[in-house]
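Here is the structure we will look at.
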Amino acid sequence: MKNGDRWAALFSRTEDLDRWEAWARRVDDKIHSFLELEPTRTLEEQPVVDGPLRGTPFGVKDNIAVRPFRLSCGSRLLSSFVSPYTATAVARLQGAGAVPVGKTNLDEFGMGSSTQLSAFAETCNPWDATRVPGGSSGGSAAAVAAGLVPFALGSDTGGSVRQPAAFCGVYGFKPTYGSVSRYGLVAYASSLETIGVIAKEVSWIRRIFPVIRGLDPRDHSTVEYRPREARESKGRPLTVGILKLGDSGGDAARLSPEVRAGWGKALEALPALGFRLTEVELPTLDYVVSAYYVIACAEASANLARFDGVRYGERAPEADNPEELVRLSRSRGLGEEVKLRILLGTYVLRSGFQDQYYLRAQRIRTALRRDFERIFAEVDLILLPVYPCAAFKRGDETMDPFTQKLSDVYTSLANMAGLPAMSFPVSVESGLPVGMQFMAPPFAEEMLLDACGRYEEHYPAPDSPLFSRDWRA
Ligand code: GLN
């Protein structure tokens with residue numbers, strides 16, 4: 001059956017829909033990928049359109065607005081907030097016939113790498129329920145890896161689409177900054193983040209990206225999408241710059257034996273697939289995570305100031321003056337990690353200290369961009385790991401929030417430079433999927449998708465033990 005046809009009739013036959021929903025709930029009970037799963041919730045307002053994606057169900061990370069679903073951001077503060085509007089990316093997919101069937105779990109406001117920091121549920125990895133699905137878009141990745149939906153939307157501020165996709169053995173696509181509207185994405189760090197796509201097959205991402213991208217008057221950072229001329233004329237092999245790993249990036253960047261094994265397999269496979277390999281160095285690698293967290297926290301502290309218990313969400317009823325209202329609502333509604341980042345953000349932005357932190361971080365960002373310009377003058381793509389380890393155990397104390405932050409070394413690069421990047425599965429090691437990522441120059445998504453597609457022919461995404469191609473079976 002042609003990719004997608006399998007889903008086309010889902011919403012036109014009640015028995016199919018009922019059977020699918022019952023099956024999806026049964027599977028989701030094992031992994032808790034959805035915070036809300038209500039396949040027909042949006043249909044009253046927006047009936048299925050007869051477009052190229054007709055009847056395709058998809059999941060949406062719960063920091064992306066879909067009317068009339070809740071928009072909790074995984075936070076107690078917004079636990080009862082219902083979205084009055086729909087994000088541009090979702091509305092465009094609905095316009096092409098796809099149907100948002102529910103909201104997926106995440107680390108609170110997208111801050112984290114394991115989905116353990118959601119106020120509501122702990123999502124399990126479909127490969128092994130004792131392990132995390134990665135994060136912060138862990139619900140979207142787990143739902144796709146379990147086959148509940150063919151694709152799901154996530155957001156990637158520092159790796160939150162690519163890392164959970166790698167942990168769950170599926171594809172994670174982060175487009176160029178500004179190519180997909182952020183209207184309706186609850187802002188965490190506006191200058192770093194994009195909406196991205198998680199899917200089990202590259203072909204889904206190929207179909208979804210043209211639908212969601214492009215200028216949106218509601219988001220002034222968007223641009224008219226103009227694909228970069230592919231430098232590859234058919235026949236010329238693509239040159240892949242292999243990131244030199246060495247000692248840079250610190251201890252936390254060192255690859256686990258599983259990821260090292262996957263890295264070796266990718267390096268072995270690429271020449272046979274027609275890629276030419278060369279080594280590239282990134283001198284700024286050592287400084288990127290620190291700079292990323294300075295910028296991300298600074299922006300978060302400003303973006304999250306709106307959640308004051310007055311305009312949105314839960315409000316402390318007993319407060320008898322406005323100051324107390326804000327204090328009580330925020331201290332009860334927000335989790336520890338979010339508070340920590342707001343504090344860090346306000347600290348680095350304090351007057352008199354900006355030179356020391358924020359401006360320095362911006363200078364590192366500029367240096368990193370120059371590094372990439374230099375590298376992309378020589379190569380078409382860069383290959384690098386996604387994360388230093390595969391899916392870790394839930395509750396693993398060695399993966400404390402600080403270690404998790406340091407481990408964002410490979411993913412945060414693309415966000416700091418605004419570049420497109422995509423993670424793809426390369427192997428299963430000791431029962432766990434391992435992914436690598438390609439990075440490309442701005443607006444070279446076509447090349448990125450082609451490269452991942454070529455790899456997919458050699459090594460398609462492995463099926464997780466929960467994956468089922470057909471709920472009718
Ligand atoms: N782990 C990173 C962070 O916590 C990435 C988050 C994201 O991409 N939303 O900031």
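Points to keep in mind about this one:
- Residue that is farthest from residue 108 (Cα to Cα), among those in the range 298-331 that are within 23 Å of the chain's Cα centre (by Cα) and free of Cβ contacts under 8 Å to residues at least 60 places away in the same chain: 302
- The set of residues in the range 332-374 that are part of a loop (DSSP other than H, G, I, E, B) and over 25 Å from the mean Cα position of the chain (by Cα) comprises 350, 351, 352, 353, 354, 355, 356, 357.
- Screening residue 468 on (1) among the hydroxyl-bearing types (Ser, Thr, Tyr); (2) within 16 Å of the ligand (Cβ to nearest atom); (3) not in a helix (DSSP H, G or I) shows it passes everything except condition (2).
- Qualifying residues in the range 393-418 (those that are in a loop (DSSP other than H, G, I, E, B) and crowded, with 24+ Cβ neighbours inside 10 Å) - the one nearest to the ligand (Cβ to nearest atom): 411
- Summed over the range 420-439, residues that are part of a loop (DSSP other than H, G, I, E, B), surrounded by fewer than 24 Cβ atoms within 10 Å (Cβ to Cβ) and touching a strand residue (DSSP E or B) at 6+ places or on another chain (Cβ under 8 Å) total 1.
- Positions within the range 85-114 being of a type in the set (D, E, K, R) and touching a strand residue (DSSP E or B) at 6+ places or on another chain (Cβ under 6 Å), in sequence order: 103
- Condition broken by residue 84, with the remaining ones in (1) more than 24 Å from residue 29 (Cα to Cα); (2) more than 16 Å from the ligand (Cβ to nearest atom); (3) within 20 Å of the chain's Cα centre (by Cα) satisfied: (3)
- Of all the criteria given as (1) away from the ligand (no atom under 16 Å from the Cβ); (2) of a type in the set (A, V, I, L, M); (3) surrounded by fewer than 24 Cβ atoms within 10 Å (Cβ to Cβ); (4) touching a residue at least 40 places away in the same chain (Cβ under 8 Å), the one not satisfied by residue 119 is (1).
Values in this text are rule-based calculations from the coordinates and carry no lab data. The structure presented is a predicted model; accordingly, all values stated were derived computationally and were not measured. No Cβ is skipped: glycine too gets one built from the backbone with ideal geometry, and neighbour counts run over all protein chains shown.
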